[in-house]
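Take a look at the structure set out below.
The values are calculated or read from the model by the stated rules, or taken from the named source; none is laboratory data. Every value quoted in this text rests on a predicted model; they were computed, and no experiment measured them. Cβ placement follows ideal geometry from the backbone for every residue including glycine, while neighbour counts extend to all protein chains displayed.
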Amino acid sequence: MKDVAKQHLDPVCGKHLEAPDGRPSTEYKKRRYFFCSERCRTAFEKQAERFRMNDLARAGALLTPGRVRWGIA
Ligand SMILES: [Zn+2]
């Protein structure tokens, strides 16, 4: 099983960021988020709470596969 905590996903577009170093990032409620572009970062900052809930739901979905389905359809 992969270490989920070390995976960095752009919470806006869902892109997997191989190397988050040097990417635009922001901190929200003591969590750091990385983005593929400044555009995604701006979008996040406009609706940070919404994206945070999505992110938490996705993390929950990873822990309980099959219970909640998100993203790639
Ligand atoms: Zn993005």
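Please verify whether the stretch 44-65 includes one or more residues that are part of a loop (DSSP other than H, G, I, E, B) and at pLDDT below 90. The answer is yes, given that some residue of the stretch 44-65 is part of a loop (DSSP other than H, G, I, E, B) and at pLDDT below 90. Selection of the stretch 9-56 for residues being within 14 Å of the ligand (Cβ to nearest atom) and among the small types (G, A, S) yields G14, S25, S37, A43.
For the stretch 20-38, the criterion of being at pLDDT below 90, crowded, with 17+ Cβ neighbours inside 10 Å and under 16 Å from A59 (Cα atoms) is met by none of the residues.
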